[in-house]
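As C-alpha cells, the structure follows; a few thoughts come after it.
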C-alpha cells in the first residue's frame with residue numbers, strides 16, 4: 001500500500017423495526033432506495049420486505065460513513081444501489097455524486113441479519 005492509498009470503513013447497526021413506519025412513506029422510499037430496490041421489495045412478503053429494506057438502509061449508511069459522509073450530506077442514499085451478484089453476495093453500484101466521490105475506488109459491503117438486528121460493514125479502497 002502506498003502512502004497515498006486511502007481506505008474507508010463504515011459500520012451501521014439498526015433494529016429492523018426502526019424502519020417499519022418509514023418504509024410505508026413514499027418520500028422515504030424515493031429518497032433512500034434505487035428504483036430497482038423498490039421494485040424488488042414490492043415482490044416480497046411484508047416481513048421479508050422490511051428485512052430487505054432495512055438491510056439495504058444499513059448498507060447505504062455504512063457506505064456513506066466509509067465515504068466520510070452523513071445521511072444528508074450531498075449524497076442521496078438512492079444513488080447507492082445494493083444488488084445481488086450472481087453468487088448471492090451483495091454488490092454495490094454507485095451513481096451520481098456517490099460515484100464521483102468514489103472514482104477509482106472499490107466498494108465492498110457485507111450485510112447480516114439476526115432476529116431483529118441488521119448490521120452492515122463497508123470497505124472502500
What is the residue count in region 106-125 for residues that are without any contact (Cβ under 8 Å) to a residue 60 or more places away in the chain and farther than 27 Å from residue 15 by Cβ?
-> 1
Would you point out the residue of region 1-30, among those that are touching a strand residue (DSSP E or B) at 6+ places or on another chain (Cβ under 8 Å) and modelled with pLDDT of 90 or more, that is farthest from residue 113 (Cα to Cα)?
-> 8
Determine if region 32-47 includes at least one residue that is without any contact (Cβ under 8 Å) to a residue 40 or more places away in the chain and touching a strand residue (DSSP E or B) at 6+ places or on another chain (Cβ under 7 Å).
-> no
In region 1-20, residue surrounded by the most Cβ atoms within 10 Å (Cβ to Cβ) [restricted to those that are free of Cβ contacts under 8 Å to residues at least 60 places away in the same chain and touching a helix residue (DSSP H, G or I) at 6+ places or on another chain (Cβ under 9 Å)] | 19
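Return the residue satisfying two criteria in turn: it lies in region 82-102 and is touching a helix residue (DSSP H, G or I) at 6+ places or on another chain (Cβ under 6 Å) and in contact (Cβ under 8 Å) with a residue 40 or more places away in the chain, and of such residues it is farthest from residue 123 (Cα to Cα). Walk me through it before giving the result.
Step one: of region 82-102, the residues touching a helix residue (DSSP H, G or I) at 6+ places or on another chain (Cβ under 6 Å) are 82, 95-96, 98.
Going one step further and asking which of them are in contact (Cβ under 8 Å) with a residue 40 or more places away in the chain, we end up with 82, 95.
Working: 82: 14, 95: 17 Å.
Looking at residues that are touching a helix residue (DSSP H, G or I) at 6+ places or on another chain (Cβ under 6 Å) and in contact (Cβ under 8 Å) with a residue 40 or more places away in the chain, I get 95.
The values are calculated or read from the model by the stated rules, or taken from the named source; none is laboratory data. All values derive from a computational prediction rather than experimental measurement. Glycine gets a Cβ as well: all are built from the backbone with ideal geometry, and neighbour counts include every protein chain shown.
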